[in-house]
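Quick notes on the structure that follows.
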Amino acid sequence: MAVRPDDAGLHAHAATDARLAAFIAGHRRLLLLTGAGCSTDSGIPDYRDADGQWKRTPPVDYRAFMADAAVRRRYWARSLVGWPHIGRARPNATHHALAALEAAGRVELLLTQNVDGLHQRAGSRQVIDLHGRLDAVRCMDCGAYSPREALQQRMLDANPAWAALQAVQAPDGDADLERDFSRFVVPGCTACGGLLKPDVVFFGENVPRERVASVHAHLERADAVLVVGSSLMVYSGFRFVDAAARAGLPVAAVNLGRTRADALLSLKIEQPCAQALGFLLDGAWAAAKTQ
């Protein structure tokens, strides 16, 4: 009997699930490396297209932010408009699926390139935020940390006319907003008056060495790597996949489009993350894997 087109699609989906399920079932100490594709279903846009190219202007550059007050005014003004969207974002099925995988005892580490904190909100605990977190702010002069939400209120108090502005959300917690930023007031550190920066690794900035060393220590204990929702075009994440491949660890990826590590992959699933990982939310699967 001929297979109808919709039946063929179902069979193809079932085969894909089986391959990914077999990869996960065959490795008890997975290092998960996640990217922007995990958070798109939470309303946070990603950076790159299916070919790995920038969809928009690259994020703010670290050297420019530190050297130029005009760049800082532009960044924080756009962040004031974009932050409420990030603050309201909630974990989606992908985050919950990976948290379920950790709860089933299959995760050595979840290394995320995202800065939204959604993995932790979903219940993941073995997490390293490779590029930091947007919900914290650091003083670059005295080193004091403070909540991003507190700075939001200080910026609103200093710039009340900006409160009603709306703009398209951008991936790095700001908004696609262009206007005159010259009169925007950027508050200083409450402890010393110093320069404030979100506690994230900006484009062109180095990931702290101790963070990199910690990931490598986890990688030595892992028996495989699963990349979820990342093109790996940024070296800070790609280097761990490269190190895994050099060590002989199998690497699988769930990602729509090209990745920088395609030649290193033993399995690639080109599906939306939530669709590919949905089976991890099956209670029967989780129960079977913890026995």
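Taking R0 as 45 Å, what's the FRET efficiency between residue 243 and residue 141 from their Cβ-Cβ distance, rounded to 0.05?
0.80
Net charge near residue 19, counting Lys/Arg +1 and Asp/Glu -1 over other residues with Cβ under 13 Å of its Cβ?
The answer is -1.
Would you kindly calculate the mean projected area, averaged across all directions, of the convex hull enclosing the Cα atoms of segment 76-144, in square nanometres?
Mean projected area for segment 76-144: 5.6 nm², to one decimal.
Estimate the FRET efficiency between residue 180 and residue 236 by the formula 1/(1 + (r/R0)^6), using the beta-carbon distance for r and 35 Å for R0, to the nearest 0.05.
Here the calculated transfer efficiency is 0.55.
For residue 269, list long-range residues whose amide hydrogen, built 1.01 Å from N in the peptide plane, is under 5 Å from its own amide hydrogen.
253, 254, 255
Which whole-number value in Å² is the accessible area per residue of segment 116-260, probe 1.4 Å?
With all protein chains present, segment 116-260 gives 46 Å² per residue.
Could you please report the charge total around residue 146, scoring K, R as +1 and D, E as -1 over all other residues with beta-carbon less than 11 angstrom from its beta-carbon?
0
Which of the three applies to segment 171-242, rounded, prolate or oblate, going by the alpha-carbon gyration tensor with a ≥ b ≥ c and a/c under 1.5 meaning rounded?
Oblate is the answer for segment 171-242, as a/c is 1.5 or above yet b/c matches or exceeds a/b.
The values are calculated or read from the model by the stated rules, or taken from the named source; none is laboratory data. Since we're looking at a predicted model, the values are computed, not measured. With ideal geometry, Cβ positions are generated from the backbone for all residues, glycine too; neighbour counts draw on all protein chains shown. Only protein heavy atoms, including side chains, enter the accessible area calculation; ligands, DNA and RNA are left aside. Shrake-Rupley method; radii C 1.70, N 1.55, O 1.52, S 1.80 Å.
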